[in-house]
Amino acid sequence: MMKLRIIYLLFLLCSTSLLQAENGYELWLRYRPVAKGTSHTSYCMKNQKVMFPGETESLIAARKELQAGLSGLLDIPYTETKVLENNMLVVGTPQSVPLFKQQTFHAEIDGLADEGYLIRSCTIEGKKVTVIAARTDVGVLYGVFHYLRLMQTDHSLDKLHIQENPKLKYRVLDHWDNLNGTVERGYAGYSIWNWERLPSYKEQRYTDYARANASIGINGAVLNNVNAQAKSLRYDWLVKASGLADAFRPYGIKVYLTAKFSAPKEIGGLNTANPKDPQVRKWWKDKVEEIYSLIPDFGGFLVKANSEGQPGPQDYGCSHADGANMLAEALKPYGGIVFWRAFVYQNERHVDRVITGYNEFKPLDGEFADNVFVQPKNGPIDFQPREPFHPLFGGMPDTPLSLELQITQENLGHAGHLVYLGTLFEEILQSDTYEQGKGSTVSKVLQNYQKTHGISAIAGVPNIGTDLNWTGHLFGQANWYAFGRLAWNPDASAGKIAEEWARMTFSNSESVLSPVLKIMMMSRETYVDYTMPLGLNHIMNFGTHNGPEPWHDDPVWTAYDYHKITKDSIGVDRTLKGTGATGQYHVPVCAMFDDIKKCPQEYLLWFHRVPWSYKTASGRSLWNELVHYYYKGVDEVRQMQQIWNELDGQIDRERFEHVASLLKYQEQEAIWWRDGCLLFFQDYSGLPIPANLEQPKHSLKYYKNIPFPHDWKGHYE
Ligand code: BDP
């Protein structure tokens with residue numbers, strides 16, 4: 001008995017040490033020892049030595065990473081040598097490892113893009129080695145991260161022949177961080193930029209942020225909010241930004257800033273910001289020169305102009321192109337670029353917001369300078385749980401477009417709901433625009449600009465903040481990860497990316513992976529189901545953008561414009577007979593969206609106004625179908641809870657409990673959405689929620705009176 005107890009105690013001790021509490025700070029770069037018995041262990045376990053000469057800052061960063069990775073994963077000291085040995089890793093560029101020049105794969109290195117790399121099993125001077133090689137130091141860094149990922153994900157390291165080049169050139173995070181430390185639509189604490197102590201004090205977080213980004217290929221960061229403050233361009237703030245640029249440079253990340261169009265007036269002492277005014281043009285040129293004197297590799301500007309009250313060229317009767325080209329001209333000599341956002345609307349009522357971006361930008365196609373991207377959001381409204389792709393994709397062949405995705409879950413439950421966005425991103429990227437016939441997906445449109453204009457880009461609004469685990473919800477990390485991986489290769493599969501992340505974040509064991517992946521892959525559809533199914537959109541709370549408020553109605557903003565509910569019908573007629581939004585797509589897409597019988601059901605109420613009695617594909621009436629989806633959504637959250645519980649004891653307690661308790665919170669919120677929305681719709685339709693379903697516990701009045709948590713992050717300060 002005693003013996004058994006001791007064995008049991010020993011077992012407990014071992015298992016708790018195996019499942020040490022983790023707070024999530026290390027993200028997917030945990031580098032825990034690879035489990036014995038996995039497919040590549042035997043290879044790894046050989047005392048893997050490294051030859052890695054070179055002292056540039058990126059090579060040093062890469063070597064540090066390899067050291068942390070190998071010593072962690074293999075649980076042995078990292079050893080470097082200058083002598084070739086069997087089974088060793090040889091890492092570098094032809095400059096840092098001159099013997100690469102004599103190898104047959106040298107031509108392959110020469111053919112790589114700037115950030116590309118090669119990972120090859122080969123024989124050099126009679127020794128069997130693995131080579132990580134690139135033309136540039138940053139390419140080497142990316143190669144090192146790839147190699148470590150192979151180990152982390154239990155991939156075989158035998159007979160490697162990997163050649164990777166990024167498919168898009170600019171892969172940028174657009175932080176919406178304010179200079180006072182708050183983050184607009186950020187749900188993971190405050191901004192990680194500590195402006196007070198910059199530029200001299202560089203927090204460890206900056207390096208860890210840069211490592212995480214480099215590990216997924218992100219190569220740019222816009223530091224501040226699109227709702228910009230002119231003072232971010234003042235000398236004292238630029239000096240601070242240069243501190244971050246210095247911290248990120250070894251990791252191949254360039255710093256960008258938002259530019260407030262009225263800056264020449266606000267901080268430049270001019271009385272106009274008119275882009276045609278020579279003094280204004282000179283002011284921007286001088287400002288850009290000053291920026292490059294502090295940040296020699298500055299990336300450029302991101303601009304939100306003439307949208308939601310922001311100043312812009314239209315204030316002076318000029319076009320978006322006039323404004324963008326003025327900035328582009330100033331940046332051009334230094335290789336800088338402009339991201340000019342196409343998210344424009346002026347809070348006008350009675351204009352269908354869905355058609356405004358296209359109408360403003362389409363006529364300007366071809367008028368932008370060659371270092372300007374026009375940047376639409378993924379859909380024509382505003383980061384809703386589901387939108388059809390923005391019709392500008394496929395509509396501006398003569399202007400490179402950058403796709404803006406939102407990683408932070410502004411309209412997808414903030415950091416409280418588990419929603420894997422890889423599937424949302426993939427859905428957009430793989431949408432067919434038919435620009436050049438079938439197969440012209442948004443992804444291909446973006447990649448094609450590389451051929452036609454020599455530049456290509458994608459941007460994501462991140463979910464990063466000062467929370468210990470960076471993103472608030474542990475699974476929010478997967479969205480940051482997925483954005484980076486899809487930015488590198490927009491044709492990658494969201495499912496495979498989820499698997500990579502889950503392997504690196506939790507474990508390679510099937511019994512862990514299977515539940516984690518099930519949850520991730522169902523989560524976005526689940527969110528749509530309990531919030532805005534069948535193409536409904538923009539019925540969230542006015543201020544916080546979380547929780548239901550289809551009843552919101554004030555002179556500036558009303559949810560009624562988005563659902564147009566009456567006792568007979570719901571949905572907006574955006575067909576050719578309605579607002580004409582379907583006509584902004586190429587013919588085959590237009591034909592599909594325009595015809596209620598062909599329109600995919602997930603966009604039904606987006607494009608069509610539909611009577612409650614309309615018979616949907618399932619045979620149910622529209623009303624019953626809506627009820628069905630809202631209930632399905634809540635059921636699915638409950639399923640997610642059950643699936644998560646399978647992980648009890650298989651992963652560490654801290655992360656298990658964190659997710660388990662957030663899933664409980666998510667269930668409550670899903671019920672809130674379901675009951676609030678259905679009771680509101682029912683007030684118009686007069687139709688019943690079938691008696692066999694769990695009935696709402698409260699009245700519509702109750703839901704209407706639930707106070708929304710104060711948006712303390714300062715959006716409306
Ligand atoms: C809306 C956000 C707002 C942003 C705006 C934008 O609610 O906070 O400033 O988009 O993207 O979704 O400019």
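The values are calculated or read from the model by the stated rules, or taken from the named source; none is laboratory data. Worth saying up front: this structure is predicted, and the values here are computed from it rather than measured. Don't worry about glycine lacking a Cβ; one is built from the backbone with ideal geometry, like all the others, and counts go over all protein chains shown. Protein only, heavy atoms only, side chains kept; ligands, DNA and RNA dropped before computing areas. Shrake-Rupley method; radii C 1.70, N 1.55, O 1.52, S 1.80 Å.
The table for this structure:
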{"item": "Matching entry among TYR560, TYR665, TYR629, TYR614 (being in contact with a Gly (Cβ under 8 Å, 6 or more places away or on another chain), farther than 30 Å from MET396 by Cβ and open to solvent by 40 Å² or more (accessible area, probe 1.4 Å))", "result": "TYR665"}
{"item": "Count of residues meeting criterion [more than 13 Å from the ligand (Cβ to nearest atom) and open to solvent by 10 Å² or more (accessible area, probe 1.4 Å)] in region 326-350", "result": "8"}
{"item": "Any hit, region 270-289, residues being more than 16 Å from VAL374 (Cα to Cα), of a type in the set (Gly, Ala, Ser) and open to solvent by less than 20 Å² (accessible area, probe 1.4 Å)", "result": "yes"}
{"item": "Candidate set: region 161-187, residues that are open to solvent by less than 10 Å² (accessible area, probe 1.4 Å) and away from the ligand (no atom under 16 Å from the Cβ); chosen: the one farthest from ASP110 (Cα to Cα)", "result": "ARG171"}
{"item": "Sole residue being open to solvent by less than 10 Å² (accessible area, probe 1.4 Å), modelled with pLDDT of 95 or more, in a loop (DSSP other than H, G, I, E, B) and away from the ligand (no atom under 15 Å from the Cβ), chosen from GLY395, GLY323", "result": "GLY395"}
{"item": "Boolean, HIS390 is within 21 Å of ALA263 (Cα to Cα) and within 16 Å of the ligand (Cβ to nearest atom)", "result": "no"}
{"item": "Any chance TYR251 is touching a residue at least 40 places away in the same chain (Cβ under 8 Å), within 16 Å of the ligand (Cβ to nearest atom), among the hydroxyl-bearing types (Ser, Thr, Tyr) and open to solvent by 10 Å² or more (accessible area, probe 1.4 Å)", "result": "no"}
{"item": "Test: residue in region 652-662 that is more than 26 Å from the chain's Cα centre (by Cα) and under 17 Å from PHE475 (Cα atoms)", "result": "yes"}
{"item": "Subset of region 47-105 that is open to solvent by 40 Å² or more (accessible area, probe 1.4 Å) and assigned to a strand (DSSP E or B) - its residue that is nearest to TYR147 (Cα to Cα)", "result": "LYS49"}
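Residue-wise test of (1) modelled with pLDDT under 90; (2) among the acidic types (Asp, Glu); (3) not assigned by TED's automatic domain parsing to the domain that holds GLY217.
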residue	(1), (2), (3)
MET2	yes, no, yes
THR16	yes, no, yes
TYR31	no, no, yes
ALA62	no, no, yes
ALA68	no, no, yes
GLU85	no, yes, yes
VAL91	no, no, yes
PRO98	no, no, yes
LEU112	no, no, yes
